[in-house]
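Report on the structure given below.
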Amino acid sequence: MVSLKNIQTEIDASFLYGILAKNEEDENVASVFSQMSEIEHGHAAAFMAKNQLHLSQLPGPSARAKILNTIGKILGYDYILGVLLDTEKSISSSVANARNKNRSHSSISDTAHVAILNNILENNPKIVGSTLTRFEKRHRSVGGNALRAAVLGGNDGLVSNFSLVMGIAGAAIGQKEILLTGLAGLLAGALSMALGEWISVKSSQELSENQMQLEMDELETNPAGEEKEIALIYQAKGIPQQQALEMAREIMSNKEDTMAILIKEELGINVEDLKGSAMEAAVTSFLLFSVGAIIPVSPYFFLSGTQAILASTVFSAFGLFLIGAAITLFTGKSVLYSGFRQVLFGLAAAAVTFGIGRLIGVSVAG
């Protein structure tokens with residue numbers, strides 16, 4: 001028997017790909033999304049049949065899928081595509097497990113959407129050239145990753161500063177000192193995150209640019225060798241040697257095409273990724289961390305003592321639950337399970353630092 005959860009996963013994927021199809025301006029790319037939607041709906045129907053359920057009992061899209069649709073309306077539908085791509089492995093695994101239990105033969109539609117997409121593109125002559133390039137660029141969209149980064153960035157700020165504030169509060173230090181410590185922790189953590197993100201993006205860009213420059217120098221000094229490399233790239237993909245040599249010769253006739261092929265195929269570098277701003281990434285990290293870190297500190301602007309500790313704990317627990325609930329947009333797990341798990345881990349970390357603070361405070365006072 002196939003779990004109802006797996007059926008719901010397929011229904012949600014079908015619904016979301018349908019949303020992407022309706023909001024896609026390029027009719028060829030919209031066709032890809034539409035076919036993906038039909039494939040997922042077919043998976044759901046097959047699961048219903050395995051469970052001996054009538055198709056009239058097919059569930060509608062879940063609250064999670066509807067929330068993602070709302071996010072898409074606000075932030076752009078590439079966010080939905082990013083999240084869907086993140087769930088491909090989960091969907092593929094569910095189908096594979098079902099087939100193993102029922103000892104049925106595998107199908108091309110059982111694989112992740114990358115394989116499905118390739119199959120659709122290979123059999124759709126309308127999807128060629130610039131349209132395919134555009135879709136591949138969107139397929140690598142960071143939409144889902146950006147949303148996940150926002151959630152995890154806020155979580156880092158909240159948990160780390162909540163633990164810091166509770167540690168200081170455990171030592172029975174005054175309101176002003178706790179507030180100052182919390183704000184210092186917020187600033188230090190946010191700056192550290194921002195600097196780390198800036199270094200990460202910048203160093204990655206510089207490394208790629210250095211590799212690209214080296215490849216350009218090789219192309220200038222040894223074009224014959226580079227032509228052989230291009231031919232070998234195509235041979236490795238299964239193209240006959242003579243045809244690969246002819247393709248390489250044709251590509252070498254256009255320097256820009258040659259560099260594009262070498263950068264993508266030999267170096268594995270996506271030029272679009274190099275256009276990202278290191279400063280933008282740093283500022284974003286700073287703000288995301290700060291949003292989470294201000295939550296446990298905020299009660300100390302107005303309260304002190306036990307009241308402030310309790311308020312900070314309640315505010316932080318609520319924030320942790322929201323973060324756990326938000327994570328389910330990517331994992332598909334139960335909102336209550338993920339939310340309360342996040343609260344439990346956050347409170348446990350704060351309890352440890354509070355206890356350590358209390359021990360140190362008593363020791364110093366004694």
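The values are calculated or read from the model by the stated rules, or taken from the named source; none is laboratory data. As the structure is a prediction and not an experimental result, all values here were calculated from the model. As a convention, Cβ positions derive from the backbone with ideal geometry for all residues, glycine included, and neighbour counts pool all protein chains shown.
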Can you tell me which condition Thr313 does not meet? The list is (1) part of a helix (DSSP H, G or I); (2) over 21 Å from Gly185 (Cβ atoms), and all the others hold. (2)
Condition first: β-branched (Val, Ile, Thr) and surrounded by fewer than 16 Cβ atoms within 10 Å (Cβ to Cβ). Now tell me which residues in the stretch 292-335 satisfy that. Thr306, Val314, Thr331
Would you call Leu288 in contact (Cβ under 8 Å) with a residue 60 or more places away in the chain, surrounded by 14 or more Cβ atoms within 10 Å (Cβ to Cβ) and either touching a Pro at 6+ places or on another chain (Cβ under 7 Å) or under 27 Å from Lys66 (Cα atoms) (or both)? yes
Exactly one condition in (1) closer than 30 Å to Ile67 by Cβ; (2) assigned to a helix (DSSP H, G or I) is not met by Lys333; state its number. (2)
Elements of type helices (runs of 4 or more DSSP H) in the stretch 98-217, at least 1 residues being modelled with pLDDT of 75 or more: 143-170
Within the group Phe315, Phe301, Phe345, Phe330, which residue is out of contact with any strand residue (DSSP E or B) (no Cβ under 9 Å at 6 or more places or on another chain) and within 30 Å of Leu16 (Cα to Cα)? Phe330
Assuming Leu287 fulfils every condition listed in (1) modelled with pLDDT of 75 or more; (2) in contact with a helix residue (DSSP H, G or I) (Cβ under 6 Å, 6 or more places away or on another chain) apart from one, which condition is it? (2)
Out of Ile327, Ile356, Ile323, sole residue that is assigned to a helix (DSSP H, G or I), closer than 30 Å to Lys66 by Cα, of a type in the set (A, V, I, L, M, F, W, C) and at pLDDT 90 or above: Ile323
Just checking, does the stretch 297-313 include any residue being of a type in the set (A, V, I, L, M) and within 28 Å of Arg64 (Cα to Cα)? no
